[in-house]
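Below is a structure I'd like to ask you about.
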Amino acid sequence: MLSAGYGAADVERGVAATARSVYDVASVTKMFTAVAVMKLIESGQLRLAGELATLLPAFPNRQQAGQITVQHLLSHTSGLPDYEEEDTERWLAHHTPLTTEFVFDFVRDRRLDFAPGSAFSYSNTGYFLLGLIIERVTGMSFGAVLKEEVAASLGLLDTQLCELAQRTGRTVRGYELDGAAFVPGRLYALGNLIGDGGLCSTVTDLVQLPAKLLHGEVLSPAVVAQMTTPTEIAGGARVDYGLGVRLGVLAGHRLWGHTGGMGTYWSTLAHYPDDDVTLVVLVNTDGAADDALTIEGELARVVLDLADPALQDLPLSPQEAVLFSGSFEDGSGCVRILEKDGHLERMLEGGASRRLKYQGGATFGWRAYPMDRFVFHLRNGRVVGLSDYFNGVFAAYRRAVDPC
């Protein structure tokens, strides 16, 4: 096993990054939350079919709570809108920690984005609620459950909530690009995150997680298999997200794990089960040349000895070009696809764009990252969503009402 740190953990103090530097892993937290939930299910304290109305009686919208189950929350199929953007703006403006009251106020008068179980949309709200459910069922704080019942049981001794990890003196500082220089990021750490984020860890801890789960530590192999199985939604469609686990395929090599991003912190954990390979990349810079998922993909190509695939460039009819163009969003971002001169362009930040090459079957690739695939989802002759397999890792977007 190779574990190493590169660059700076803290520029101002002259601290170099090491394999034991502690990073905010953002949404990789969701895998740990899911493990905690599935452990409660195995012990009979929870059920996948358990309803939010019963598990969180204080949830403000009783009609919605009666429709949403634990399984919906775990698989991002609840239809709950995502609180994250509003809370991030609030934190940047006032440094007000996240509260249950804020999340409940956020969802109180909002409609669901779709009927539970009918579609997929990444929702931090759902995982925050899972954190509350864990606390109510166990009588323990979310941080204590993750540290004592999950991380410590797996032998991951450097994995805990960031608020506690900061006491170790090994937490890295986050930086963002300002012109040609990196400066300390404004979004250093959101307060009181539970369920959807807020966990800190190291590469040496995270790289052990898949093997320990697969060997039956904490959960049975059957439950781990359930977590790493695609989710079926209404109508028989399947999405490459399990129960707290992102799924995907890189040049024919299956993978599962999770990604995370929060301002200045970016993380990727990817396990390739058929190759018995696990890669973990943690980054503390926003605006650098490469993010964690891009670096992981480049490492995977070396470790798995993958050559660039030959991309086709099939002709696209004018009707298809219009059909596939538009804006697509999930709880964490937006992808904009535009028609230009008879082909599609993916818009990037700053107004730049990259041409997409048609591979047939509503699937596109691009020369910048030839391993990646964009797969459009059609229903009744119209595009309703987009799956982006960036370096093999699945992310799904629904068609946005307004351009992004």
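The values are calculated or read from the model by the stated rules, or taken from the named source; none is laboratory data. If you're wondering where the values come from, they're calculated on a predicted model, not measured in any experiment. Glycine gets a Cβ as well: all are built from the backbone with ideal geometry, and neighbour counts include every protein chain shown.
Quick one: G131 ticks every box in (1) over 20 Å from the mean Cα position of the chain (by Cα); (2) closer than 23 Å to H76 by Cα except a single one, so which number is it?
Result: G131 passes all but (1).
Considering only residues of segment 59-114 that are among the β-branched types (V, I, T) and over 21 Å from R238 (Cα atoms), which is surrounded by the fewest Cβ atoms within 10 Å (Cβ to Cβ)? Even if it seems obvious, please write down each step before you answer.
Filtering segment 59-114 down to residues among the β-branched types (V, I, T) leaves 68-70, 77, 88, 96, 99-100, 103, 107.
The next check asks that each one be over 21 Å from R238 (Cα atoms); those that pass are 88, 96, 99-100, 103, 107.
Details: T88: 15, T96: 14, T99: 12, T100: 16, V103: 21, V107: 19.
Here the answer is T99.
In this structure, is D87 at pLDDT 90 or above and among the acidic types (D, E)? Let's see the steps before the verdict.
Numbers: at pLDDT 90 or above: no; among the acidic types (D, E): yes.
So D87 does not fit the description; no.
Could you identify the single residue in L299, L255, L306 that is buried (at least 21 other Cβ atoms within 10 Å of the Cβ) and not aromatic (F, W, Y)?
Numbers: L299 fails: buried (at least 21 other Cβ atoms within 10 Å of the Cβ); L306 fails: buried (at least 21 other Cβ atoms within 10 Å of the Cβ).
After applying the criteria, what remains is L255.
Just checking, how many residues over segment 89-125 are closer than 24 Å to R186 by Cβ and either in contact with a Gly (Cβ under 7 Å, 6 or more places away or on another chain) or not assigned by TED's automatic domain parsing to the domain that holds R238 (or both)?
Going through segment 89-125 one residue at a time, the tally reaches 4.
A further question follows. Taking segment 324-374 only, how many residues are on the phi > 0 side of the Ramachandran plot and at pLDDT 85 or above?
Selection size over segment 324-374: 6.
Looking at T294, is it among the hydroxyl-bearing types (S, T, Y), assigned by TED's automatic domain parsing to the domain that holds S21, surrounded by fewer than 21 Cβ atoms within 10 Å (Cβ to Cβ) and part of a loop (DSSP other than H, G, I, E, B)? Let's see the steps before the verdict.
Details: among the hydroxyl-bearing types (S, T, Y): yes; assigned by TED's automatic domain parsing to the domain that holds S21: yes; surrounded by fewer than 21 Cβ atoms within 10 Å (Cβ to Cβ): yes; part of a loop (DSSP other than H, G, I, E, B): no.
No, not satisfied.
Can I ask one more? So which residues in segment 200-218 are in a loop (DSSP other than H, G, I, E, B) and either surrounded by fewer than 23 Cβ atoms within 10 Å (Cβ to Cβ) or not assigned by TED's automatic domain parsing to the domain that holds S43 (or both)? Give the steps one after another, and end with the answer.
Quick first cut of segment 200-218, residues in a loop (DSSP other than H, G, I, E, B) only: 202, 207-208, 215-218.
Of everything in segment 200-218, those that are in a loop (DSSP other than H, G, I, E, B) and either surrounded by fewer than 23 Cβ atoms within 10 Å (Cβ to Cβ) or not assigned by TED's automatic domain parsing to the domain that holds S43 (or both) turn out to be V207, Q208, H215, G216, E217, V218.
Looking at A222, A251, A234, which one is aliphatic (A, V, I, L, M), without any contact (Cβ under 8 Å) to a residue 40 or more places away in the chain and out of contact with any strand residue (DSSP E or B) (no Cβ under 9 Å at 6 or more places or on another chain)?
Working: A251 fails: without any contact (Cβ under 8 Å) to a residue 40 or more places away in the chain; A234 fails: without any contact (Cβ under 8 Å) to a residue 40 or more places away in the chain.
Checking each option against the conditions leaves just A222.
Of all residues in segment 4-38, count the ones that are out of contact with any Lys or Arg (no Cβ under 8 Å at 6 or more places or on another chain) and basic (K, R).
Residues that pass the stated criteria total 2.
Another question, if that's okay. Under the condition of being assigned to a loop (DSSP other than H, G, I, E, B) and hydrophobic (A, V, I, L, M, F, W, C), which residue from segment 109-128 is nearest to the chain's Cα centre (by Cα)? Before you say what the answer is, go through the steps one by one.
The first filter runs over segment 109-128 and keeps only residues assigned to a loop (DSSP other than H, G, I, E, B), leaving 109-123.
If we keep only those that are hydrophobic (A, V, I, L, M, F, W, C) as well, we get 112, 114-115, 119-120.
Numbers: L112: 20, F114: 20, A115: 22, A119: 17, F120: 13 Å.
Looking at residues that are assigned to a loop (DSSP other than H, G, I, E, B) and hydrophobic (A, V, I, L, M, F, W, C), I get F120.
Name the one entry in G191, G197 that is part of a loop (DSSP other than H, G, I, E, B) and under 30 Å from Y272 (Cα atoms). I'd like the intermediate steps shown before the answer.
Details: G191 fails: under 30 Å from Y272 (Cα atoms).
Checking each option against the conditions leaves just G197.
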